[in-house]
Amino acid sequence: MLAALSTVMLARPAHDSEYGDLRTLVDKTQSDLKMASDLQHGNKQNDRYHKAQDHLSRLDKSLAHGKYNKGALNDSIDGVKSILDHNTLQASARDALARDLTELKIARDRH
């Protein structure tokens, strides 16, 4: 069992440990956006969700390849901020996205 675990750990790319926390945050933010977008919205509001998801997906793709993409992170921050500023949200969704936004900004400052 220990040998199998060692093999799995050796097979993990080094960038997983380097960007693992940021990838976890991206995943959490995408989940929170999905939850918030489940309410019925107009086209403009839906477009903001799609753009934010696209930016987060582009960021995650870069991180998965071991590359930090500050532009994609900035675009992701702007996308979440735009949703908070302009979309109709439930209080719980607003709180979750506000936490995500703060954590994304902290992550940007750390990298």
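Listing for the model above:
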quantity: Single residue of 60, 85, 38 found to be under 20 Å from residue 23 (Cα atoms) and acidic (Asp, Glu); calculated: 60
quantity: Test: residue in region 57-65 that is outside any helix (DSSP H, G or I) and among the basic types (Lys, Arg); calculated: no
quantity: Scan of region 75-111 for residues that are among the β-branched types (Val, Ile, Thr) and closer than 12 Å to residue 49 by Cα, ordered by number; calculated: 80, 83, 88
quantity: All positions within region 66-77 that are part of a helix (DSSP H, G or I) and surrounded by 14 or more Cβ atoms within 10 Å (Cβ to Cβ); calculated: 72, 73, 74, 75, 76, 77
quantity: Enumeration of residues in region 83-93 that are part of a helix (DSSP H, G or I) and surrounded by fewer than 16 Cβ atoms within 10 Å (Cβ to Cβ); calculated: 85, 86, 91, 92
quantity: Condition check for residue 86: touching a Lys or Arg at 6+ places or on another chain (Cβ under 8 Å), touching a residue at least 40 places away in the same chain (Cβ under 8 Å) and not aromatic (Phe, Trp, Tyr); calculated: yes
quantity: Which numbered condition residue 43 misses (of (1) modelled with pLDDT of 95 or more; (2) polar (S, T, N, Q); (3) more than 22 Å from residue 111 (Cβ to Cβ)); calculated: (1)
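The values are calculated or read from the model by the stated rules, or taken from the named source; none is laboratory data. As the structure is a prediction and not an experimental result, all values here were calculated from the model. Backbone-built Cβ (ideal geometry, glycine too); neighbour counts: all protein chains shown.
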